[in-house]
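I have placed the structure first, in the form of structure tokens, so that the comments after it can refer back to it.
The values are calculated or read from the model by the stated rules, or taken from the named source; none is laboratory data. As the structure is a computational prediction, the values presented were derived from the model and not from experiment. All Cβ positions, even for glycine, are placed from backbone atoms using ideal geometry, and neighbour counts span all protein chains on display.
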Amino acid sequence: MTNKSADINAISSKARGNILAKLKAEVSGADYDKLPEEIPYIYPEFSHEENLAQFISELEKNHAQVIQTTKEGIAEVISAELAALNITTLLCGEKCYGGNDVHRDVINGLDSNIELQPYDFSIDNNKELLFNECPAALSSSRCSIAATGTIVLWPDENEPRSLSLVPPVHFVIVDANKLHADFARLMAAEQWHDKLPTNVVLISGPSKTADIQQTLAYGAHGPKALIVLLLNS
Amino acid sequence: MKQFNEEESKYAASAKAFRANVTRDLGNEELRSNFRGAMDYLMAKRKDAFSSEDELEVLREQCKLIKQRCLAKLPHLLEQLEDKLETNGIKVHWAETITEANEIIAQLIAQKKGKTVVKGKSMVSEETALNDYLEERNVECLESDMGEYIVQLAKQHPSHIIMPAIHQNKQQVAKLFADNIDGFEYSTDVDTLIQQGRTILRDKFCQADVGISGVNFAVAETGTLCLVENEGNGRMCTTIPDLHIAITGIEKVVEHLSDVPPLLSLLTRSATGQAISTYFNMINSPRKEGEKDGPKEVHLVLLDNGRSQAFADEELRQTLQCIRCGACMNHCPVYTRIGGHAYGTVYPGPIGKIISPHMLGLDATSNLPTASTLCGACGEVCPVKIPIPKILLRLREESVKPKSDKPQVMQGQGAGRSNVEALIWKVWALVHKSPTLYALSMWGVTRFRFLMPKKLGGWTSVRTAPKPAAKTLHERLKSKQEKRAKQAKQSTNTASR
Ligand code: SF4
């Protein structure tokens, strides 16, 4: 095994040397100050209301369900949706369950027949549980993008990456006050280039595919339903 | 001459059979109607996505310049990317050839004693024929993109870079599933078919030791691997298994994070007419201390495979601007008719015709640049403004240049050269340089026109043979002028009388 790994390091370092040498020979003496100016398209400014309307309409076009509610109303909405779907188990972030997070009230207000499954385990020995026994999940979000109807998740140890991916129904709480006009402006405003987490994921609807005869089908591999709980106060 | 590609890929053989492939596929009516339908759909979607012509043009110019800047700085950006990724905990490997790339991946898997691999859509791994390589080493490599899954089940290759199974209709997929999946009852309901695929693949995600993915943009500034997808299989492959290996071409690196939004916006709209894909997945590091999921190891394999050859020529370098949106094939009249498999290469259509010669050499691909009407549609829709028709002409030139001409920019230079054709053009040039020879030859052609054969190979298979005129244009004009002069003289004579 040691021998073999030495092999790939040898392949790689030889290839690296050759590739970089070839490329560098072609760009030697290039003057990077003389590159032409890249002029971006200037998108019109919209009011918050217009942005919000755009956000909702794009999401709905992409088959997400958008429900406008308040912090106090979330628990009731989730309970009703779960009942309609005949689901009684909800996977949620560990802290939510522990009750020291913003969603404490949500968790406490859910129908008593809903069983909460906290994401308090490592995925390593719990893949079966995650894939087979978690029909729905609740997550928060960091912010959102109006132009494309996009929700930005910034997963962490409390709300892992697979929380928004594996369960077939995904409830996500979105704060209308954290809406940005477009992706470029969001990156600039939040200075993303300074610090990014392990994974950032932009979500713009339920999982889908048009791979069979251009016919749209939802729930290809990720959630079949994306239910957006939009807090607009 | 730069050396690469010692090994003949299986694609080289099929590209050589281009003409036979075309005859085969043009005769397949079902295939042709599948492509026609799909291309019409994709063209309409793209059109709807660009309501403002002005926005489209500004974005195309901007994105072209972004990609050109990133290419101008390519070696430096690759080093920066490597540096950032390694700081973030992602290991970087380099490969000049497809075999090197496959070997690196096979060994990374072997080190972890991996047996099952799930793969997200990656055209670069098609380029390296990774599935075959791993299968020979007893590693099961399952495609998880629905289209790729269908194609793999049918033991075929993708016929389109964005929609791999576009050559099949739902009846064909239904039959494929019924024949190959235990307990599946024939149904042409697309939801049923997709749910069947979902059920099988979710099991695989759950069990797999390794996930392999491609990369849409690799950001040098932050060391970020960006993946664009709708299905969620890319997220599965990069989140659930313990080991994630990404593979990409060296041209996919961009300098700044801020380069991503305009490129992403053009990519998804040009490809499928979507304002954005369902998922945009940005990977920065393996699982960190305390995190509950995500791969424990992440590797990136950077592949050259002929790209540095394209890079070395200023005109051909533009080929590397490509963001693999597929718009050029969607709008190509040739692709629409012959379909994606006829090309015999991994990348079909216009982009395939200009990139494959660098990957496989002109020896295997000298037919491809000629398979174009030069209508210009590809160049017009390309989001990064690659002048595809111009590059096609350039490749035609490279393929008929004498083998020994310097400088040699392409492997396989002169592979399409025919001595007869070269001789004809030599004579043609000679004749056109000398007025006497020209007049003489024209006289000969018109006077001996009855010698013109009735059958002229392929030309007359669907047309009648051309016949030279009885007199040359020069002669006719001359006699017309003489006649006029005579008439003029006569009329002045009459007037003066
Ligand atoms: S060449 Fe242009 S149009 Fe074709 S796939 Fe590449 S980016 Fe898209």
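Taken as a whole, the condition of being more than 14 Å from chain A (Cβ to nearest Cβ) and more than 12 Å from the ligand (Cβ to nearest atom) does not apply to residue B:306.
Quick grid of which residues meet (1) among the acidic types (Asp, Glu); (2) within 16 Å of the ligand (Cβ to nearest atom); (3) more than 11 Å from chain A (Cβ to nearest Cβ); (4) under 19 Å from residue A:184 (Cβ atoms):
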{"position": "B:201", "(1), (2), (3), (4)": "no, no, no, no"}
{"position": "B:204", "(1), (2), (3), (4)": "no, no, no, no"}
{"position": "B:222", "(1), (2), (3), (4)": "no, no, no, yes"}
{"position": "B:228", "(1), (2), (3), (4)": "no, yes, no, yes"}
{"position": "B:233", "(1), (2), (3), (4)": "no, no, no, no"}
{"position": "B:239", "(1), (2), (3), (4)": "no, no, no, no"}
{"position": "B:251", "(1), (2), (3), (4)": "yes, yes, no, no"}
{"position": "B:267", "(1), (2), (3), (4)": "no, yes, yes, yes"}
{"position": "B:276", "(1), (2), (3), (4)": "no, no, no, yes"}
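Among helices (runs of 4 or more DSSP H) entirely within segment B:310-353, having at least 2 residues that are on the phi < 0 side of the Ramachandran plot and surrounded by fewer than 24 Cβ atoms within 10 Å (Cβ to Cβ) singles out B:314-317, B:333-338. When segment B:178-197 is filtered for residues that are acidic (Asp, Glu) and within 14 Å of chain A (Cβ to nearest Cβ), the ones remaining, listed by number, are B:189, B:191.
How many residues are of a type in the set (Lys, Arg) and modelled with pLDDT of 95 or more if we restrict to segment A:1-53?
4
Taking segment A:192-233 only, how many residues are within 7 Å of chain B (Cβ to nearest Cβ), closer than 30 Å to residue B:171 by Cβ and not acidic (Asp, Glu)? Of the residues in segment A:192-233, 13 are within 7 Å of chain B (Cβ to nearest Cβ), closer than 30 Å to residue B:171 by Cβ and not acidic (Asp, Glu). Checked against the criterion of being in a helix (DSSP H, G or I) and touching a strand residue (DSSP E or B) at 6+ places or on another chain (Cβ under 7 Å), segment B:57-64 has no qualifying residue. Of all residues in segment B:354-382, those being in a loop (DSSP other than H, G, I, E, B) and within 28 Å of residue B:156 (Cβ to Cβ) number 7. Would you check if residue B:51 is surrounded by fewer than 17 Cβ atoms within 10 Å (Cβ to Cβ) and not in a helix (DSSP H, G or I)? So residue B:51 passes the test. Does residue B:174 fit the bill of being more than 8 Å from chain A (Cβ to nearest Cβ), more than 29 Å from residue B:273 (Cβ to Cβ), in a helix (DSSP H, G or I) and not β-branched (Val, Ile, Thr)? Criteria not met by residue B:174. The single condition among (1) buried (at least 24 other Cβ atoms within 10 Å of the Cβ); (2) assigned by TED's automatic domain parsing to the domain that holds residue B:60; (3) assigned to a helix (DSSP H, G or I) that residue B:298 does not satisfy is (3). Any chance you could count how many residues in segment B:245-294 are touching a strand residue (DSSP E or B) at 6+ places or on another chain (Cβ under 7 Å) and of a type in the set (Asp, Glu)? Looking only at that region, the number is 0.
Just name the residue that is nearest to the ligand (Cβ to nearest atom) out of those in segment B:326-351 that are β-branched (Val, Ile, Thr) and closer than 20 Å to residue B:129 by Cα. Talk me through it step by step, then tell me what you get.
Step one: filter segment B:326-351 for residues β-branched (Val, Ile, Thr), giving B:334, B:336, B:338, B:345-346, B:351.
Still in the running and closer than 20 Å to residue B:129 by Cα: B:345-346, B:351.
Working: B:345: 14, B:346: 13, B:351: 4 Å.
Within segment B:326-351, the match that is nearest to the ligand (Cβ to nearest atom) is B:351.
Would you mind stating whether residue B:366 is crowded, with 20+ Cβ neighbours inside 10 Å, at pLDDT below 95 and either away from every other protein chain (no Cβ under 14 Å) or near the ligand (Cβ under 8 Å from one of its atoms) (or both)?
So residue B:366 fits the description; yes.
Residues in segment B:380-435 that are of a type outside the set (A, V, I, L, M, F, W, C), within 16 Å of the ligand (Cβ to nearest atom) and within 14 Å of chain A (Cβ to nearest Cβ) were compared, and the one that is surrounded by the fewest Cβ atoms within 10 Å (Cβ to Cβ) is B:385. Of all residues in segment A:161-185, those satisfying the criterion of being part of a helix (DSSP H, G or I) and within 13 Å of chain B (Cβ to nearest Cβ) are A:161, A:162, A:163, A:164, A:183, A:184, A:185. Could you please give the count of residues in segment B:217-228 that are assigned to a loop (DSSP other than H, G, I, E, B) and surrounded by fewer than 24 Cβ atoms within 10 Å (Cβ to Cβ)? Counting residues in segment B:217-228 that are assigned to a loop (DSSP other than H, G, I, E, B) and surrounded by fewer than 24 Cβ atoms within 10 Å (Cβ to Cβ) gives 2. Within segment B:436-455, the set of residues being among the hydrophobic types (A, V, I, L, M, F, W, C) and surrounded by 13 or more Cβ atoms within 10 Å (Cβ to Cβ) comprises B:437, B:439, B:442, B:443, B:445.
When residue B:260 is tested against (1) touching a helix residue (DSSP H, G or I) at 6+ places or on another chain (Cβ under 7 Å); (2) within 16 Å of the ligand (Cβ to nearest atom); (3) not aromatic (Phe, Trp, Tyr), exactly one condition is not met: (1).
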